[in-house]
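K.L.:
Take this structure, written in structure tokens, and hold onto it; I'll ask about it next.
Taken together, the values in this text are just the output of simple stated rules run on the coordinates, not laboratory data. Remember, it's a predicted structure, so these values are computed and weren't measured experimentally. No Cβ is skipped: glycine too gets one built from the backbone with ideal geometry, and neighbour counts run over all protein chains shown.
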Amino acid sequence: MTAVQDAPVRTGAPPRHGRRRRRVPPLVWAFLLLPLAVELFWVFWPAMNSFSLSFTEWNGVGAATPVGWENYERMLADPVFATAFRNNVIWVIGFGGLSVVGGLALAVALNRPGRGVGIYRSAIYLPMVISLAVTGLLWRVMYQPGGPIDSGLGAIGLGSLQQQWLANPDTALYAVLIAAVWRQVGYIMVLYLAGLKGCDPTLEEAAAVDGATAWQRFWRVVMPQLRGVNTVVFAVTVIDSLRTFDIVWAMTRGGPYNTTQLLSTYMFQQGFTLVNLGYGSALAW
Amino acid sequence: MTATELSRRRFLLGATSLGSLPLLASCVGSGGGEAGAGQASATVTLQSSVQDTGPKAALEKIVAAYGGAGSPVTMNSVATEQFRAQLSTYLSSATPPDVLTWYAGSVANSYAAEGLLLDVSDMWTGDGACAGFSDALRSLSTSAGGQAIFVPTTYYWWSVFYKKSAFASWGIEPPTTWDGFIALCDQLKARGIHPLTNGIGTTPWMAAGWFDYLNLRINGADYHRALLAGERSFTDPEVVAVMEQYARLIPYFHPNQTSWDNQQAVTPMVNNEAAMYLVGAFATQYFPEDQRDDLDFFSVPTIDPAVPSAEEAPTDGYFAAARTDNPDGAKALLSHLASPQVQQEYITTSGTSNLPTSPQVDTSQFAPIVQKGIELLNSTSEITQFFNRDSSDALQTTADTALTRFLADPSDIPAQLRDWQAAAEQVFSS
């Protein structure tokens with residue numbers, strides 16, 4: 001039973017009708033315009049530059065040569081672009097799906113009191129503290145031929161599964177994906193744990209008394225209460241999966257032969273390794 | 001309190017208007033921006049891409065001890081990949097680093113064509129530091145405009161490296177013919193030893209080493225240069241012949257080559273699990289110190305005796321930015337770095353098997369393997385550098401993709417060469 005709060009007593013005067021609209025003080029304008037200027041200068045202006053560059057050919061030296069739509073035509077005919085695009089779709093679904101499902105499952109499992117729950121939670125969240133580049137290096141060591149993963153498979157009698165995870169085009173993208181999910185899952189777990197803490201336990205108790213199974217309680221009682229968290233998790237996951245760059249670059253650089261290229265890594269390679277700034281900008285758009 | 005508030009408001013308004021000013025600046029890529037160089041500075045900045053431990057330490061020591069014009073020199077070490085990506089930005093900025101490490105050949109020449117490199121022709125005449133260098137180095141360091149724009153200080157050779165003790169214990173000799181080489185590989189493989197090692201994981205360009213050499217041995221240096229310049233096609237029957245020979249070698253490589261980089265690739269050789277490694281002489285520093293004297297090499301054997309001999313000898317060195325505000329200091333540092341004493345010190349302290357470009361360096365004290373390398377390059381009729389240095393980094397990327405795919409599955413060579421040619425045309429047309 002929760003205490004019912006008294007309705008707040010209205011103390012102020014009733015709003016006057018037909019009041020002259022208040023002038024916005026210059027200070028507020030300043031607070032609005034200053035961030036706007038910063039945003040325009042540091043975000044929109046470079047973006048416009050990149051857009052104009054995408055219609056040119058430029059290697060960073062001298063003047064750019066305008067080439068019209070050539071970069072975009074090249075992009076549509078580029079097999080690496082097609083691979084990168086397909087990989088990006090796989091990435092958004094795989095990375096988003098696995099980290100949300102994993103994060104939610106862990107949050108539910110660790111949301112009950114028990115011995116060592118705090119340690120588990122910290123341990124699972126810990127990878128999030130490590131930068132993606134370091135995560136990539138760590139997992140490269142794990143996937144090395146004769147590294148921990150291969151030895152582990154050998155030790156449990158699955159030696160036939162041993163392979164060069166990052167050098168095999170069939171496994172490389174998924175090997176990187178797992179490393180990325182390993183890091184992301186703790187973050188999603190924390191978001192869901194916070195959400196679960198905000199759920200009202202009495203509702204679940206009531207449902208249990210009414211004979212709902214654990215499955216029904218979770219989907220019909222808890223999930224609707226997590227709607228707000230779900231929105232946040234969805235946004236975070238989509239943003240994180242689209243901006244993925246560092247872990248792929250650290251682990252495979254888009255190789256072997258461009259099979260793990262994402263749009264971001266391909267754009268970086270074209271724009272900054274090969275200094276095709278025009279084509280790189282077209283890819284960025 | 002009102003006064004404070006007002007001043008804060010004024011401050012914020014002022015800041016707002018200031019913040020929006022740069023919006024009026026011109027777009028990037030529109031050329032221009034030829035800002036006048038500031039006051040001539042008295043110091044010199046050296047931007048270095050040298051990252052291997054030994055050479056980096058050696059260069060730092062030399063720079064710290066330098067006492068000539070422009071000293072003390074500020075040395076910035078930048079990761080090689082980042083250096084490569086930003087080189088054009090360094091050179092075209094209004095205040096560029098004065099002296100930069102890089103490669104001789106097509107990359108340097110393309111910057112020279114943009115007018116970004118300092119003319120150092122006076123170092124190549126009279127009693128200049130490079131005056132006594134060989135004609136091959138002179139032509140390599142000269143731009144299309146006829147000016148010397150590069151100061152080569154070291155070069156090295158590529159060959160098939162092996163361990164003398166391992167060959168002795170297996171009772172084998174370095175082969176002298178191509179058939180003998182294949183037979184040797186078969187013999188080693190039958191004994192459970194991986195005949196060849198390589199590292200094409202994070203260093204996929206290593207796959208181009210064998211491509212270059214097979215092309216040099218089958219089609220010769222002239223064809224190789226023409227192919228890399230875009231005058232011939234990767235779908236030519238000549239290239240198909242190269243790929244067919246390369247395909248013969250695939251079973252002999254250590255299967256882990258696709259996961260390794262060129263440094264990890266020496267591990268099986270150190271452990272006597274692999275026998276031979278086609279690599280540049282820089283790799284000797286990757287071996288444990290007590291095994292370096294055990295190393296020896298032989299040149300990739302002749303395939304077609306009618307083709308003139310050729311070796312790959314990439315040349316490293318320095319150039320200076322045309323926009324340096326201290327050209328005299330830059331040249332003084334370049335002269336110092338190119339001087340025989342400094343070349344000798346650099347090579348001996350860095351632990352690599354690099355060769356000096358100055359003929360005045362006393363090489364009699366160098367390790368026997370280095371002497372043999374000098375002999376190899378002096379006796380060959382043609383010298384090339386390496387795939388990327390004879391073409392461009394962009395073409396190298398197409399080679400990385402094409403060759404690593406080919407090594408994973410060589411079943412459809414014509415289709416792979418068509419893809420390679422399509423990617424190469426994209427590079428040549430841009």
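K.L.:
Can you list the equivalent-ellipsoid semi-axes of the range B:304-430, largest first and in whole Å, using the square root of 5 times each Cα gyration tensor eigenvalue? Present the calculation step by step, with values, prior to reporting the outcome.
P.N.:
Details: eigenvalues 257, 110, 32 Å².
The three semi-axes for the range B:304-430 are 36, 23, 13 Å.
K.L.:
With springs only between Cα atoms under 10 Å, which of B:PRO195, B:PRO305, B:PRO251 fluctuates most in a Gaussian network model of chain B?
P.N.:
B:PRO305
K.L.:
Please report Rg (one decimal) and Dmax (integer) in Å for the Cα set of the protein assembly as shown.
P.N.:
According to the Cα coordinates of the protein assembly as shown, Rg and Dmax are 31.2, 105 Å.
K.L.:
Name the residue from A:MET189, A:LEU76, A:ALA282 whose Cα lies farthest towards the positive end of the charge dipole of chain A, charges +1 on Cβ of Lys and Arg and -1 on Cβ of Asp and Glu.
P.N.:
A:MET189
K.L.:
Working out 0.36 nm times the residue gap between A:LEU137 and A:VAL101, then minus their Cα-Cα distance, what length gain in nm do you get to one decimal?
P.N.:
Here the segment from A:LEU137 to A:VAL101 would lengthen by 10.4 nm.
K.L.:
Cut-off is 10 Å between beta-carbons; in what order do B:SER353, B:SER364, B:SER381 appear when sorted fewest neighbours first?
P.N.:
Going from sparsest to densest Cβ surroundings: B:SER364, B:SER381, B:SER353.
K.L.:
Tell me which DSSP H helices of chain A clear both cut-offs, 30 Å or more of axial length from alpha-carbon atoms and a mean Kyte-Doolittle hydropathy of at least 1.0.
P.N.:
A:79-109, A:172-197
K.L.:
OK, next. In Å, the Kirkwood hydrodynamic radius of the range B:182-251 over pairs of distinct alpha carbons? It would help to have the intermediate numbers written out before the result.
P.N.:
Values: mean 1/r = 0.0745 Å⁻¹.
Kirkwood radius, the range B:182-251: 13.4 Å.
K.L.:
Could you give the Stokes-Einstein D for the range A:15-146 in µm² per second, using the C-alpha Kirkwood radius, 25 °C, 0.890 mPa s? Intermediate values should be presented prior to the final figure.
P.N.:
Numbers: Rh = 21.9 Å.
This corresponds to a translational diffusion coefficient of 112 µm²/s.
K.L.:
On to the next question. Set the Förster radius R0 to 25 Å, insert the Cβ-Cβ distance between B:ILE250 and B:GLU173 as r into 1/(1 + (r/R0)^6), and round the FRET efficiency to 0.05.
P.N.:
FRET efficiency, B:ILE250 to B:GLU173: 0.55.
K.L.:
Using a simple spin-label model with points 7 Å from Cα along the Cα→Cβ vector, what separation in nm is obtained for B:LYS56 and A:LEU203?
P.N.:
For B:LYS56 paired with A:LEU203, the spin-label model returns 5.6 nm.
K.L.:
By per-residue mean of other Cβ atoms within 10 Å, what is the highest-first order of A:156-162, A:134-140, A:116-122, B:312-318?
P.N.:
Descending mean neighbour count gives B:312-318, A:134-140, A:116-122, A:156-162.
K.L.:
At B:ASP409 and A:ALA212, where each label point lies 7 Å from the Cα along Cα→Cβ, what is the point-to-point distance in nanometres?
P.N.:
It is 5.1 nm.
K.L.:
Further question on the same structure: Computed FRET efficiency, Cβ-Cβ of A:ARG21 and A:PHE41, R0 35 Å: what is it to the nearest 0.05?
P.N.:
Numbers: r = 31 Å, r/R0 = 0.89.
Plugging the Cβ-Cβ distance into 1/(1 + (r/R0)^6) gives 0.65.
K.L.:
Now, a different point. Rg(Cα) of chain B divided by 2.2 N^0.38 Å?
P.N.:
1.13
K.L.:
A follow-up question, please. Given an 8 Å cut-off on Cα distances and at least 6 residues of separation, report the relative contact order of the range B:154-313 as a percent.
P.N.:
That works out to 47 percent.
K.L.:
Another question, if that's okay. May I ask you to derive the FRET efficiency for B:ALA422 and A:ALA194 from their Cβ-Cβ distance with R0 = 41 Å, giving the value to the nearest 0.05?
P.N.:
Efficiency, rounded to the nearest 0.05: 0.20.
K.L.:
Between B:GLU273 and B:ASP328, what length in nm is gained on full extension when 0.36 nm per residue of separation is reduced by their alpha carbon distance?
P.N.:
14.5 nm
K.L.:
Related question: So what's the range A:68-284 giving for Cα Rg divided by 2.2 N^0.38 Å, two decimals?
P.N.:
1.23
K.L.:
Quick one: what Rg and Dmax do you get for the range B:137-291 from the alpha carbons, in Å?
P.N.:
Here Rg and the maximum Cα pair distance are 17.5, 56 Å.
K.L.:
Given a 10 angstrom Cα cut-off, can you work out which residue in B:GLN187, B:GLN285, B:GLN82 is the most mobile in a GNM of chain B?
P.N.:
Ranking B:GLN187, B:GLN285, B:GLN82 by mean-square fluctuation puts B:GLN82 first.
K.L.:
Also: What does the structure give for B:396-408 when I average, per residue, the other chain Cβ atoms found within 10 Å of the residue Cβ?
P.N.:
Working: counts 1, 5, 0, 0, 5, 8, 1, 1, 7, 5, 1, 2, 6.
Mean shielding by partner chains, rounded to a whole number: 3.
K.L.:
Next question, about the same structure. Over 23 Å between C-alpha atoms is what I'm after, so list which of B:LYS163/B:LYS372; B:LYS56/B:LYS163; B:LYS164/B:LYS189; B:LYS61/B:LYS372; B:LYS61/B:LYS331 land there.
P.N.:
Correct reply: B:LYS56/B:LYS163; B:LYS61/B:LYS372.
K.L.:
Now for a different question. When only C-alpha pairs under 8 Å and at least 6 residues apart count, what is the relative contact order of chain A, in percent? The partial results should precede the final answer.
P.N.:
Details: 286 pairs, mean separation 84.1, N = 285.
The value is 29 percent.
K.L.:
Modelling each spin label as a point 7 Å along the Cα-to-Cβ direction, I'd like the A:VAL92/B:LYS189 distance in nm, to one decimal.
P.N.:
If labels sit at A:VAL92 and B:LYS189, their model points lie 4.6 nm apart.
K.L.:
If you put +1 on each Lys and Arg Cβ and -1 on each Asp and Glu Cβ, how big is the dipole of the range A:68-284 around its Cα centre, in Debye rounded to 20?
P.N.:
Here the size comes out at about 400 debye.
K.L.:
How many Cβ atoms of partner chains, on average, are near each residue of B:385-394 if near means within 10 Å of its Cβ?
P.N.:
Mean shielding by partner chains, rounded to a whole number: 1.
K.L.:
Rounded to whole Hz and in sequence order, give me ³J(HN,Hα) for the range A:212-226 from the Karplus expression 6.51 cos²θ - 1.76 cosθ + 1.60, θ = phi - 60°, writing x for Gly and Pro.
P.N.:
6, 6, 4, 4, 5, 4, 5, 6, 9, 10, 7, 4, x, 6, 8
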